[in-house]
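Trainee: Shown below is the structure under consideration.
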């Protein structure tokens, strides 16, 4: 392959910051048990939003996501959005997904209801916000595969996009989470 790993990594991390047209805190979704989840409750914390799948080459990142959530419990909330959008890698029901995540990875961070994250009329409303610059202020890039990650800062501004190959424990990700003013 002609591209170096450093080049690939640099092109898998995008950052920007702009005042969103639609407030992140005005969004809501449902947990995979059907309970409402209000994004207003996330004020003052960074939020890492990840589209996930149980039968993907990146599924092992669940372990890293839980480690990240545990390590930065006071600064960060991790939210998983299971999706079957990429090669039918999330075929299970919401209950199947929750059981798989708990049994195999000890997941304790919130799992949302299974939904579509790709740009389409049925796209999850949260992913509409994450992937339309008219709503979030700067980013149009949709998930390229399972385990694409989006970081929202403490003010509700989308600040980073991380491609699926970027580990949640990558030093760049950790640095951004630890540094309040990093863009």
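The values are calculated or read from the model by the stated rules, or taken from the named source; none is laboratory data. These figures come from a predicted structure and were not determined experimentally. Neighbour counts run over all protein chains shown; Cβ positions are idealised from the backbone, glycine included.
Trainee: Could you please find all residues in the range 39-53 being over 17 Å from residue 80 (Cβ atoms) and in contact with a strand residue (DSSP E or B) (Cβ under 9 Å, 6 or more places away or on another chain)?
Mentor: Of everything in the range 39-53, just one residue is over 17 Å from residue 80 (Cβ atoms) and in contact with a strand residue (DSSP E or B) (Cβ under 9 Å, 6 or more places away or on another chain), namely 40.
Trainee: Something else: Can you say whether residue 17 is in contact with a helix residue (DSSP H, G or I) (Cβ under 7 Å, 6 or more places away or on another chain) and in contact (Cβ under 8 Å) with a residue 40 or more places away in the chain, as far as the supplied structure shows?
Mentor: So residue 17 fails the test.
Trainee: Are any of the residues in the range 102-111 under 19 Å from residue 164 (Cα atoms), free of Cβ contacts under 8 Å to residues at least 60 places away in the same chain and over 16 Å from the mean Cα position of the chain (by Cα)?
Mentor: Yes, because at least one residue in the range 102-111 is under 19 Å from residue 164 (Cα atoms), free of Cβ contacts under 8 Å to residues at least 60 places away in the same chain and over 16 Å from the mean Cα position of the chain (by Cα).
Trainee: Go through (1) more than 23 Å from residue 44 (Cβ to Cβ); (2) without any contact (Cβ under 8 Å) to a residue 40 or more places away in the chain; (3) out of contact with any helix residue (DSSP H, G or I) (no Cβ under 8 Å at 6 or more places or on another chain) one by one and return the number of the condition residue 92 breaks.
Mentor: In the conditions (1) more than 23 Å from residue 44 (Cβ to Cβ); (2) without any contact (Cβ under 8 Å) to a residue 40 or more places away in the chain; (3) out of contact with any helix residue (DSSP H, G or I) (no Cβ under 8 Å at 6 or more places or on another chain), residue 92 misses (3) alone.
Trainee: Go through (1) modelled with pLDDT of 95 or more; (2) in a loop (DSSP other than H, G, I, E, B) for residue 182 and report which single condition fails.
Mentor: Looking at each condition in turn, residue 182 falls short on (1).
Trainee: Another question about this same structure. Please report, ordered by residue number, the strands (runs of 3 or more DSSP E) entirely within the range 1-115 with at least 2 residues that are loosely packed, with under 15 Cβ neighbours inside 10 Å.
Mentor: Hits in the range 1-115: 28-30, 36-38.
Trainee: What number of residues within the range 116-159 satisfy the criterion of being part of a strand (DSSP E or B), more than 23 Å from residue 41 (Cβ to Cβ) and in contact (Cβ under 8 Å) with a residue 40 or more places away in the chain?
Mentor: 0
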